[in-house]
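Asker: Before I ask anything, here is the structure I am working with.
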Amino acid sequence: MIPRGSRQDIIQSSINSSYLWHNYKVLKLTKNMRLSLGENNNIQELRNFAEWLLKIGDDLAGDTTDGESIVHIPSDILIKNSEIALDDLINFVYPDMLSNLSVENYFKDRAILAPTLDCVTNVNNKMIAGLLGQERVYLSSDCVCAEEGNMEFELDAFSPEILNGINCSGLLPHKLVLKVGAPVMLLRNIDQTNGLCNGTRMQVRRMGNMVLECKTLTGNKAGSIVLIQRLNLIPNNETLPVMFQRRQFPIIMSFAMTINMS
């Protein structure tokens with residue numbers, strides 16, 4: 001990726017344009033490793049679903065009419081167009097959630113994937129509202145990291161309220177709403193030796209003013225109890241209007257997540 005680069009810039013920087021490209025050997029991944037991890041009673045179901053997805057990707061599925069392919073989605077995985085479509089999806093992915101909060105591995109292999117951050121936020125807000133117990137709201141502390149020459153201008157132009165409203169993928173949320181039992185995901189590498197890496201999923205056990213006690217759900221240290229504290233982080237997203245620092249817990253809700261994060 002070339003930030004703000006043209007199509008030509010991106011092509012020229014790709015590995016295919018390298019003078020070493022003719023020395024490379026292309027290897028194709030043809031074996032679905034996830035199928036070998038499935039239980040015996042659903043391997044065939046997973047294999048059929050994987051083959052169906054590959055056919056869609058290779059434009060081999062469906063009927064072609066006037067240059068357009070019409071793919072028929074199996075009824076058992078289709079979300080019907082109704083006012084309660086989201087509720088149906090939630091009940092399918094998280095059946096009897098309130099009764100299974102303490103069940104080991106309940107959240108480990110479950111997540112709702114969505115293409116946009118706004119959609120993920122809406123699902124997570126709906127899910128956290130359905131959890132029992134007291135909620136706690138953690139707000140970030142934001143401040144401008146302006147260059148010395150432009151400090152006065154940027155301090156006036158970007159008040160804390162404006163910085164609080166900045167939100168994008170990979171950026172810690174300004175407003176973090178949590179409840180005990182909720183699944184969360186780490187957004188930064190904290191302690192790789194102990195399995196606290198970017199993308200590690202955890203479950204909230206206790207909430208304090210300064211730290212969160214969580215149980216890891218994934219990684220080589222799954223099942224361990226860890227303490228998460230706030231971090232000072234400066235986003236490196238060049239599309240942001242100003243460079244600023246955000247102090248917040250480096251986690252997000254993970255009932256739902258973007259497809260890229262999965």
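The values are calculated or read from the model by the stated rules, or taken from the named source; none is laboratory data. Here the structure is a predicted model, which is why all the values come from computation and not from measurement. Please note: Cβ atoms are built from the backbone with ideal geometry, for glycine as well, and neighbour counts cover all protein chains shown.
Asker: I need every pair where a residue in the range 60-74 that is closer than 16 Å to Phe49 by Cβ has its Cβ under 6 Å from the Cβ of a residue that is hydrophobic (A, V, I, L, M, F, W, C) and exposed (fewer than 10 other Cβ atoms within 10 Å of the Cβ), sequence separation at least 6 or different chains.
Answerer: Partner pairs satisfying both residue conditions: Gly62/Ile70.
Asker: Follow-up question, since we're still on this one. Looking only at residues that are out of contact with any Phe, Trp or Tyr (no Cβ under 8 Å at 6 or more places or on another chain) and of a type in the set (A, V, I, L, M, F, W, C) in the range 126-145, which one is surrounded by the most Cβ atoms within 10 Å (Cβ to Cβ)? Lay out the reasoning, then the answer.
Answerer: Kept after step one, since they are out of contact with any Phe, Trp or Tyr (no Cβ under 8 Å at 6 or more places or on another chain), are these residues of the range 126-145: 126, 129-137, 139-141.
Subset that is of a type in the set (A, V, I, L, M, F, W, C): 129, 131-132, 137, 139.
Working: Ala129: 10, Leu131: 17, Leu132: 9, Val137: 8, Leu139: 12.
For the range 126-145, the residue satisfying everything is Leu131.
Asker: If a residue has to be part of a strand (DSSP E or B) and more than 17 Å from Leu172 (Cβ to Cβ) to count, how many in the range 208-223 make the cut? Talk me through it step by step, then tell me what you get.
Answerer: Here is the first cut: in the range 208-223, the residues part of a strand (DSSP E or B) are 211-216.
So of that shortlist, the ones also more than 17 Å from Leu172 (Cβ to Cβ) come out as 213, 215-216.
The total comes to 3.
Asker: Among the residues of the range 231-250, write down those that are under 18 Å from Asn209 (Cβ atoms) and without any contact (Cβ under 8 Å) to a residue 24 or more places away in the chain.
Answerer: If the condition is that a residue be under 18 Å from Asn209 (Cβ atoms) and without any contact (Cβ under 8 Å) to a residue 24 or more places away in the chain, then Asn232 is the only one that fits.
Asker: Which residue is surrounded by the fewest Cβ atoms within 10 Å (Cβ to Cβ), if the candidates are limited to the range 224-259 and must be assigned to a loop (DSSP other than H, G, I, E, B) and over 21 Å from the mean Cα position of the chain (by Cα)? Don't jump to the end; show me each part of the working.
Answerer: Restricting attention to the range 224-259, the residues satisfying the condition of being assigned to a loop (DSSP other than H, G, I, E, B) are 224, 230, 234-243, 249-250, 254-255, 259.
Within this subset, residues satisfying the condition of being over 21 Å from the mean Cα position of the chain (by Cα) are 224, 241-243.
Values: Ser224: 14, Pro241: 11, Val242: 14, Met243: 16.
It comes out as Pro241.
Asker: Ok, one more. Just to be sure before I move on: is Asn198 within 16 Å of the chain's Cα centre (by Cα) and either of a type outside the set (Val, Ile, Thr) or in a strand (DSSP E or B) (or both) in the structure I sent? Show your work before the answer.
Answerer: On the way: within 16 Å of the chain's Cα centre (by Cα): yes; either of a type outside the set (Val, Ile, Thr) or in a strand (DSSP E or B) (or both): yes.
For Asn198, the condition - within 16 Å of the chain's Cα centre (by Cα) and either of a type outside the set (Val, Ile, Thr) or in a strand (DSSP E or B) (or both) - is met.
Asker: Now for a different question. Any idea which residue in the range 76-125 is surrounded by the most Cβ atoms within 10 Å (Cβ to Cβ), counting only those that are assigned to a helix (DSSP H, G or I) and in contact with a Leu (Cβ under 9 Å, 6 or more places away or on another chain)? Reasoning before the result, please.
Answerer: Of the range 76-125, the ones assigned to a helix (DSSP H, G or I) are 76-77, 85-93, 97-99, 117-125.
Right, trim to in contact with a Leu (Cβ under 9 Å, 6 or more places away or on another chain) and you get 97-98, 120, 122-123.
Numbers: Met97: 19, Leu98: 10, Val120: 23, Asn122: 14, Val123: 21.
Taking the candidates together, the pick is Val120.
Asker: Quick one: which residue in Gly165, Gly149 is modelled with pLDDT under 85 and either acidic (Asp, Glu) or out of contact with any strand residue (DSSP E or B) (no Cβ under 8 Å at 6 or more places or on another chain) (or both)?
Answerer: Values: Gly165 fails: modelled with pLDDT under 85.
Within the list Gly165, Gly149, the selection yields Gly149.
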